[in-house]
Structures are given as structure tokens and as C-alpha cells.
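Have a look at the structure below, then the notes.
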Amino acid sequence: MSHQGNEPEHLSGKDPLCLEIFARLSEYLDGELAAEDCAGIEAHIADCAPCVEFVKQLRASIEASHRFKVPAEPAPVDAALRGKLSQAWSEALARKKAAGQG
Ligand SMILES: [Zn+2]
């Protein structure tokens, strides 16, 4: 007799909560869930090896994607650099004027 086992073992009805955890985990890691929802997820994860692995992988990929995000606000260095550039520009302009009249 052969088994027909194509489904992942941890998702085959063993613990339906896993599916819910998987569905909400990115919200959980982003801090978008209420404290009680977080507590429920943490309680399940503490006792479920597949979910622990999934959390680890998801957290790693979220951290990786955050690393490549462009900051929403311009960095302070930007303003300083712009000031320097405009100063250099006006100095160059003054020099050009002086040279043209000489
Ligand atoms: Zn689970």
C-alpha cells in the first residue's frame, strides 16, 4: 500500500492555526497586530517547529528588504551638500565674471 502524500506535513490539517499564523505573520513582524493577536501567535510559535522556521526565514527576508529601502526623508548630508554645491557654483560664476571683465 502506498501513501499519497503530496501535501506538506505541517499544513495537512494537523494544525489549522499554522495557516492563520502564516497568513498574518508579516503583519505580526511589522508590528501591525494588536497585542493579544501577537500573544496568540507567539504562544503557537513557541510550540510549533515549522512555524519557528517560517518566522526565522520571513524575518530574515524582511530585514533584507528593509536594508534596500530608500529613506523617506532626505538625509541631513543632502542639505549640507546642496549648500556646498550652490556656494561652489556662485564662486565659479563670480570667477567667470571677473575673468571676462579682465
Ligand atoms: Zn504552526
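The values are calculated or read from the model by the stated rules, or taken from the named source; none is laboratory data. Values in this document were obtained by computation on a predicted structure and should not be read as measured data. For neighbour counting, all protein chains shown are included, and Cβ atoms are generated from backbone atoms with ideal geometry for every residue, glycine included.
Taking A94, is it among the hydrophobic types (A, V, I, L, M, F, W, C) and modelled with pLDDT under 85?
So A94 fails the test.
Can you work out which of the residues in segment 23-39 that are touching a residue at least 12 places away in the same chain (Cβ under 8 Å) and crowded, with 16+ Cβ neighbours inside 10 Å is farthest from the ligand (Cβ to nearest atom)?
In this case the residue turns out to be L29.
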